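Since the structure comes first, as structure tokens, the remarks are kept for the end.
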Amino acid sequence: MTDELQDLDNLTKHPGWQRFAEQGRKEIEARLNAALQNASNCTDDTLAINVVRQCIAVKQAVEALKVWPEQRIAALKHAEARGALTAVGFSRRGDL
């Protein structure tokens, strides 16, 4: 296991990270709901749609940041497994 893989695995299992991720989710939901409420009260439809688009864009960016460690762990594990499978020697004696 590489240092990066171990570090990211420790990060995702750490209670502090889990609290951070949960608080981030709650914060984004609250802000998105408030922005959607404000957009629904807007009389200008174009402005309301733009506000909703901005909120969704921010939500997607935060969600992408939040899932990055898990995605990177999966990529590292896949690369590690692929490397182990392709590390076969070319000797006639095998892996001796």
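Every read-out reported here was derived from the displayed coordinates using simple, explicitly stated rules and does not represent laboratory data. All figures in this text were calculated on a predicted structure; none of them were measured in a lab. Positions of Cβ are generated from backbone atoms using ideal geometry, with glycine treated the same way; all protein chains shown enter the neighbour counts.
Things worth noting here:
- Residues located in the stretch 28-47, provided they are touching a helix residue (DSSP H, G or I) at 6+ places or on another chain (Cβ under 6 Å) and of a type in the set (A, V, I, L, M): Ile28, Leu32, Ala35, Ala39
- Residue selected from the stretch 8-27 under the condition among the aliphatic types (A, V, I, L, M) and in contact with a Pro (Cβ under 7 Å, 6 or more places away or on another chain), by the criterion surrounded by the most Cβ atoms within 10 Å (Cβ to Cβ): Leu8
- Long-range neighbours under 6 Å by Cβ, at least six apart or interchain, first residue on the phi < 0 side of the Ramachandran plot within the stretch 1-26, second exposed (fewer than 11 other Cβ atoms within 10 Å of the Cβ): none
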